[in-house]
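Reviewing the structure listed below.
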Amino acid sequence: MTFVAEEIASQPQCWRQAMTLSPAGLPEAGERVAVVGCGTSLYVAQAYAALREAAGIGETDAFAASEYPARRRYDRLVAITRSGTTTEVLAAVARAAEAGIPTTAITGDLDTPVKAAAGTVVDLSFADERSVVQTRFATTALVQLRTHLGLTPADLPAQAERALAADLPHEGLVASQFTFLGSNWTVGLANEAALKLREASGSWTEAYPAMEYRHGPISVTGRGSVVWFLGEPPTGLLEQVNATGAAVSISRLDPLADLVRAQRLAVALAEAKGLDPDQPRNLTRSIILAAQ
């Protein structure tokens, strides 16, 4: 079994552990917050920002770490970084600290530069990974953040177990094109699901806010496509997707648990192509740029 398959399977246990924690440094109600990350961590940031704003807890913006607007005033910067070494994340934390903004890093490795760079560090080392492809660290970070907001369903780990046991859709194993759609906080999950298939299996994947899908992207959809909704489809959209001849995936699971199914599909597709999902082409565990 690959590392990533083992890590996907361990998510219910990691989520249960995260749900018991109350770490210091996470944003308090009313704080204006920027959340940064790269790749998968960016998509977790997007999901969290949408959840926090929708709950009325405080203004929250998500940025790719390289795009963090240092001149904009926030009450706190939260950096999500599995490795603790990513160049752009460390630079964003440093810029915020220089501006006097409190910083919190959520990381899977405390023995890294982010521990010294951030004012507060949330330790998720129990969810760290050996695979280059991120799965359990990212989802565990989001469970931790959702729990702090009071928005984690008590049965979420059990839902993940059902996602692990469910059969994968046959259409997904033979499709040539995948589109993941989300709304509000699940837009970030859609982005992440598409990234997982793209990274692990080299598949043609796209992701959009669900209501934006019919403004152009639906034109690539047809037989041989899978359209995967992370959450409930908006009214009227499902009928339009069905008319294209594409296969459709809709789950009654919490969208984060449904992401587990997409992770499993990414590994299955990679293995069917003879690829190593632990070591995607051209990728490394952490992006460390040479000093300029």
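The values are calculated or read from the model by the stated rules, or taken from the named source; none is laboratory data. Computed from a prediction, not measured in an experiment: that's the story for all the values here. All Cβ positions, glycine included, derive from the backbone under ideal geometry; neighbour counts span all protein chains shown. In case anyone asks, the SASA skips ligands and DNA or RNA and just uses the protein heavy atoms, side chains included. Shrake-Rupley method; radii C 1.70, N 1.55, O 1.52, S 1.80 Å.
Using a Gaussian network model of the chain whose springs link C-alpha atoms within less than 10 Å, name the residue from GLN134, GLN240, GLN13 with the highest mean-square fluctuation.
Highest fluctuation of the listed residues: GLN240.
Using unit Cβ charges (K, R positive; D, E negative) and no other charged atoms, how large, in debye to the nearest 20, is the dipole of segment 195-289 about its Cα centre? Write out the running numbers ahead of the final one.
Numbers: 10 positive and 10 negative charges, 40 e Å.
Dipole magnitude for segment 195-289 comes out near 200 debye.
State whether segment 43-142 is rounded, prolate or oblate according to the following rule on the C-alpha gyration tensor (a ≥ b ≥ c being the square roots of its eigenvalues): a/c under 1.5 gives rounded; otherwise a/b larger than b/c gives prolate, and the remaining case gives oblate.
Numbers: a/c = 1.84, a/b = 1.20, b/c = 1.53.
It comes out oblate by the Cα gyration axes.
Treat each spin label as a single point 7 Å out from the Cα along the C-beta direction, and report the ALA55 to ILE250 distance in nm.
Placing both labels 7 Å beyond Cα along the Cβ direction yields 2.8 nm.
Using Cα pairs under 8 angstrom and six or more residues apart, how large is the relative contact order of the chain, in percent?
20
Tell me the Kirkwood hydrodynamic radius of segment 219-265 in angstroms, computed as one over the mean inverse distance between distinct C-alpha pairs. Could you put the intermediate results ahead of the total?
Details: mean 1/r = 0.0882 Å⁻¹.
After inverting the pairwise mean of 1/r, the radius is 11.3 Å.
Would you be so kind as to identify which of VAL260, GLN240, GLY172 lies farthest towards the positive end of the dipole of the chain, taking Lys and Arg as +1 and Asp and Glu as -1 on Cβ and the Cα centre as origin?
The one lying farthest along the dipole's positive direction is GLN240.
Using a/c under 1.5 as the rounded threshold, could you call segment 119-160 rounded, prolate or oblate? The axes a ≥ b ≥ c are square roots of the C-alpha gyration tensor eigenvalues, and prolate needs a/b larger than b/c, oblate otherwise.
Oblate shape, in that a/c is at least 1.5 and b/c is the bigger or equal ratio.
Accessible area per residue, 1.4 Å probe, Å², for the chain: what's the number?
42
Need one word for segment 1-74: rounded, prolate or oblate. Basis is the Cα gyration tensor (sqrt eigenvalues a ≥ b ≥ c); a/c below 1.5 gives rounded, then a/b vs b/c decides.
oblate
If you roll a 1.4 angstrom probe over the protein chains with everything in place, what fraction of the accessible area of the chain belongs to carbon and sulfur, to the nearest %? Provide the component values of the computation, followed by the final result.
Values: 6280 of 12400 Å².
Accessible surface attributable to carbon and sulfur in the chain totals 51 percent.
Calculate, for ASN242 and ASP167, the FRET efficiency according to 1/(1 + (r/R0)^6) with r their C-beta to C-beta distance and R0 25 Å; round to the nearest 0.05.
0.70
Mind listing the long-range amide H neighbours of GLU206? Cut-off is under 5 Å, sequence gap 5 or more, other chains count too, H placed in the peptide plane at 1.01 Å from N.
Counting only residues 5 or more places away or on other chains, the set is PHE178, THR179, PHE180.
What is the set of long-range amide H partners of LEU151 at a cut-off below 5 Å, with H atoms built 1.01 Å from backbone N?
Correct list: empty.
How many nm separate the modelled label positions at ALA154 and TRP204, each set 7 Å beyond the Cα in the direction of the Cβ?
4.7
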